[in-house]
Amino acid sequence: KRGPRFVNGPSGRVRPLAATRPPIAMLDIAAVNCLICVPAVLGLLWSAKEWVSVGSVKLDGHPDLLAKQDSKANKSAAESLEEMKKISTTISEGAMSFLFA
């Protein structure tokens, strides 16, 4: 047996049972704005921190590491470093031309 499908409302009118349930609680506009803006701001701050961190890395070629890793090369550490910088510049220019083409 099913329960009642209609009930008497506060005004005495007969209403469907579904209409008497309490409404779903919703967040106020300030909470919604915070849920949207705070992660975006945190992401920008994290990006800025990482940009500074990567920018502070010095390109000195790590001569001791180059000698260990590439013992068969006839190039000096300075020549290897110049070649890496040249490749890096080429990649950077290609990326910028792709972005602004």
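Does Ser71 qualify as being of a type in the set (Gly, Ala, Ser), loosely packed, with under 10 Cβ neighbours inside 10 Å and modelled with pLDDT under 90? Yes; evaluated as a whole, the condition is true for this residue.
For segment 82-96, a tally of residues being farther than 18 Å from Leu59 by Cα and open to solvent by 70 Å² or more (accessible area, probe 1.4 Å) returns 2.
The values are calculated or read from the model by the stated rules, or taken from the named source; none is laboratory data. Since the structure is predicted, the reported quantities are computational estimates derived from the model, not experimental observations. Quick reminder, even Gly has a Cβ in these numbers, built from the backbone with ideal geometry, and neighbours come from all protein chains shown. All accessible areas refer to the heavy atoms of the entire protein, side chains included, with ligands and DNA or RNA removed. Shrake-Rupley method; radii C 1.70, N 1.55, O 1.52, S 1.80 Å.
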